[in-house]
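Below: the structure, in structure tokens.
The values are calculated or read from the model by the stated rules, or taken from the named source; none is laboratory data. Source: prediction; values computed, not measured. So basically every Cβ, Gly included, is an ideal-geometry build from the backbone, and we count neighbours across all protein chains shown.
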Amino acid sequence: MTKKNKIIHQIWSDKHNPLPAFFSVLSQTWKEKHPDWEYINWDDKSMNDFIEKEYGKYCDLYNSFPFDVQRWDAIRFLILKKYGGLYLDFDYECLENIEPLIEDSDCAIALEPEIHCLQYNVPHFLNNAFFYSIPNHFFLDKIIDKIFSIETLQYNRTNKPMCVLNTTGPLMVSNLYEKLQEVEKKQISLIPAKYVTPFDSMQIQLVKAGVINDELEKCLDEAYAIHYFTNLWVGV
């Protein structure tokens, strides 16, 4: 890992609401555990300026997405293609410096717990909320091509969550990964859930409710980070 790739990117569109205080606290954990990393918080203006300057050819398609969250999903990959680094959703807490998990990788993506694979019928559930890459990695190109395709624009919008998950979100990324050749898959590190997504969607509700028990404590034995699955995007 080079100094050039030591950048943490987070996105919060202030078009609707300011950054929640809870997210500000969580973002600070990443800064504290990675003091030699650059940190960039992308707001609505900086995202719009970025895509107009660096990826103008995508502007019309970007602005035509029916849901704002699709734009936020899409631009994270454009940012990583240009600058490299680690993209994180704001509902992620850092417990330990994550460099040991990614130091030998050109591209590293968090896995979600196995129960999520069963829920969505995928062999691996890749979480686009935690995505590390060097600039111009081939998998970023495949993701970007998929996002800005006619198939994405024509996807049924009736069910917003499933539309987002399958066009710009983690199911899209997961399904693209499964279509890769084995030699391509070897160029991508999948970070086991126990390290970066230690709680499944049911367990995290207990954690947020203040429940403490041996099962939940054990989930943290090897954890470097926690994803809280706030899913605020569903209501935007």
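Things worth noting here:
- Residues located in the stretch 103-124, provided they are more than 15 Å from the chain's Cα centre (by Cα), buried (at least 17 other Cβ atoms within 10 Å of the Cβ) and either among the aliphatic types (A, V, I, L, M) or closer than 16 Å to Asp73 by Cβ (or both): Val122
- Single residue of the stretch 172-206 satisfying the filter (among the aliphatic types (A, V, I, L, M) and surrounded by fewer than 18 Cβ atoms within 10 Å (Cβ to Cβ)) that is nearest to Thr152 (Cα to Cα): Leu176
- Residue list for the stretch 170-202, restricted to those being closer than 18 Å to Glu114 by Cα, free of Cβ contacts under 8 Å to residues at least 60 places away in the same chain and among the polar types (S, T, N, Q): Ser174, Asn175
- Criterion: within 17 Å of the chain's Cα centre (by Cα), among the aliphatic types (A, V, I, L, M) and within 20 Å of Ile98 (Cα to Cα) - qualifying residue of Ile147, Ile143, Ile188: Ile188
- Matching entry among Ile226, Ile212 (being over 27 Å from Phe139 (Cα atoms) and either part of a loop (DSSP other than H, G, I, E, B) or out of contact with any Cys (no Cβ under 8 Å at 6 or more places or on another chain) (or both)): Ile212
- Inside the stretch 125-140, residues that are surrounded by fewer than 17 Cβ atoms within 10 Å (Cβ to Cβ) and either outside any helix (DSSP H, G or I) or in contact with a Phe, Trp or Tyr (Cβ under 9 Å, 6 or more places away or on another chain) (or both) make up a count of 2.
- Checklist (1) in contact with a strand residue (DSSP E or B) (Cβ under 8 Å, 6 or more places away or on another chain); (2) farther than 18 Å from Val173 by Cα; (3) of a type in the set (S, T, N, Q) applied to Asn97, failing item: (1)
- Verdict on Leu86 being more than 13 Å from the chain's Cα centre (by Cα) and modelled with pLDDT of 95 or more: no
- On the stretch given as the stretch 141-152, residues that are loosely packed, with under 14 Cβ neighbours inside 10 Å and not β-branched (Val, Ile, Thr) total 4.
- Test: residue in the stretch 34-49 that is in a helix (DSSP H, G or I), surrounded by 14 or more Cβ atoms within 10 Å (Cβ to Cβ) and touching a residue at least 40 places away in the same chain (Cβ under 8 Å): no
- Scan of the stretch 6-20 for residues that are surrounded by fewer than 19 Cβ atoms within 10 Å (Cβ to Cβ), more than 22 Å from Asp106 (Cα to Cα) and either at pLDDT below 90 or not aliphatic (A, V, I, L, M) (or both), ordered by number: Asp14, Lys15, His16, Asn17, Pro18, Pro20
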